[in-house]
Amino acid sequence: MKKELIAELFKKFQDACYNLNGLECWSARETQDILGYTDWRNFSNIIQKAVSACENSGESSSDHFVEVNKMIEIGKGGQREIQDIALTRYACYLIAQNGDSTKPEIAFAQTYFAVQTRKQELIEKRFLDIDRVNAREKLSKSEKKLSGIIYERGVDNRSFASIRSEGDKALFGGKTTQFMKNKLGVPTGRPLADFLPTLLIKAKDFATELTSHNVVDKDLIGDNPIAKEHIDNNKEVRHILLKRGVKPERLPPAEDVKKVQRRIGSTEKKILKEIKKDKK
């Protein structure tokens, strides 16, 4: 997500926050607009899912979803009363978790309401963490997909491991997978990709997807033709990176992706802990 959009959404949520009986709250109607939902009925369905999630977490939904009425302007200076809901931070977080995560506004809200100290730089850092975890999960799926495709074309698991290693060698300028593991300090038994920066994870994923496509498109059969295809694709990806001034083998290691996953995954427990502390 671009920094400009993060800054824009950050300001909208900051400006929409108000105090209700000592708690920071957001209007459901305003939140609906910020999250890009035009129809109140559709947004109400998401709220109901969030209410159920709140109850399932052991919290009373009435503490986090408070029905209120508000006046809105209508034509010719008139006003009309409409139903609204005052949402706590936890309620907003649950709404975001139940929304369409492909919408950038929802993706932002998931992070905005998850970060205890809502500072823009912390939100940007969390987006980078999420992007890296998602990229790593995507690479795993792409490799599994490729494995299934080539297994039907006479390549067993042992040969697949060799093909992946040859791909790494092509991507890293002749450096083997083991060499890169040693260089980056990857623990024994852990995949190299778990310690690669996001750019290289995505580079490996792109090369793998290219191989899957071309193996089928060119009807390749057997170890050697498929290995050559994967090597060529990784060489092409390396060529693109080099043209942009990036040498894959020289990039520093990134934080263990499993630690990043655990940090992201601990969010809801921390939010609940904060809520219970605020009630005392």
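The values are calculated or read from the model by the stated rules, or taken from the named source; none is laboratory data. Just so you know, these numbers come straight off a predicted model, no measurement behind them. Positions of Cβ are backbone-derived with ideal geometry, glycine not excepted, and every protein chain shown enters the neighbour counts.
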Problem set entry | Residues satisfying the stated conditions in segment 170-179, i.e. of a type in the set (Val, Ile, Thr) and crowded, with 17+ Cβ neighbours inside 10 Å | THR177
Exercise. Among all residue pairs at least 6 apart or on different chains, which show Cβ distances below 8 Å where the first residue, located in segment 34-47, is among the aliphatic types (A, V, I, L, M) and the second is outside any helix (DSSP H, G or I)?
Worked result: LEU35/GLY99; LEU35/LYS103; ILE46/TYR37; ILE46/ASN98; ILE46/GLY99; ILE47/PHE65; ILE47/ILE85
Problem set entry | Flag if SER62 is among the hydroxyl-bearing types (Ser, Thr, Tyr), modelled with pLDDT of 95 or more and not in a loop (DSSP other than H, G, I, E, B) | no
Exercise. If ARG89 satisfies every condition in (1) among the basic types (Lys, Arg); (2) more than 29 Å from ALA135 (Cβ to Cβ); (3) within 23 Å of the chain's Cα centre (by Cα) but one, which is the exception?
Worked result: (2)
Exercise. Of the residues that make up segment 156-171, is at least one out of contact with any Leu (no Cβ under 8 Å at 6 or more places or on another chain), in a loop (DSSP other than H, G, I, E, B) and closer than 19 Å to ASP232 by Cβ?
Worked result: no
Problem set entry | Of all residues making up segment 144-169, the number that are farther than 14 Å from ASP223 by Cβ and crowded, with 19+ Cβ neighbours inside 10 Å | 1
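Table: residues versus (1) hydroxyl-bearing (Ser, Thr, Tyr); (2) within 26 Å of the chain's Cα centre (by Cα); (3) at pLDDT below 95.
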position: GLN178; (1), (2), (3): no, no, no
position: LEU184; (1), (2), (3): no, yes, no
position: PRO187; (1), (2), (3): no, yes, no
position: LEU210; (1), (2), (3): no, yes, no
position: GLY222; (1), (2), (3): no, no, yes
position: HIS239; (1), (2), (3): no, no, no
position: ALA254; (1), (2), (3): no, yes, no
position: SER266; (1), (2), (3): yes, yes, yes
Problem set entry | Residue in segment 48-57 that is nearest to CYS25 (Cα to Cα), counting only those that are in contact (Cβ under 8 Å) with a residue 24 or more places away in the chain and not aliphatic (A, V, I, L, M) | CYS54
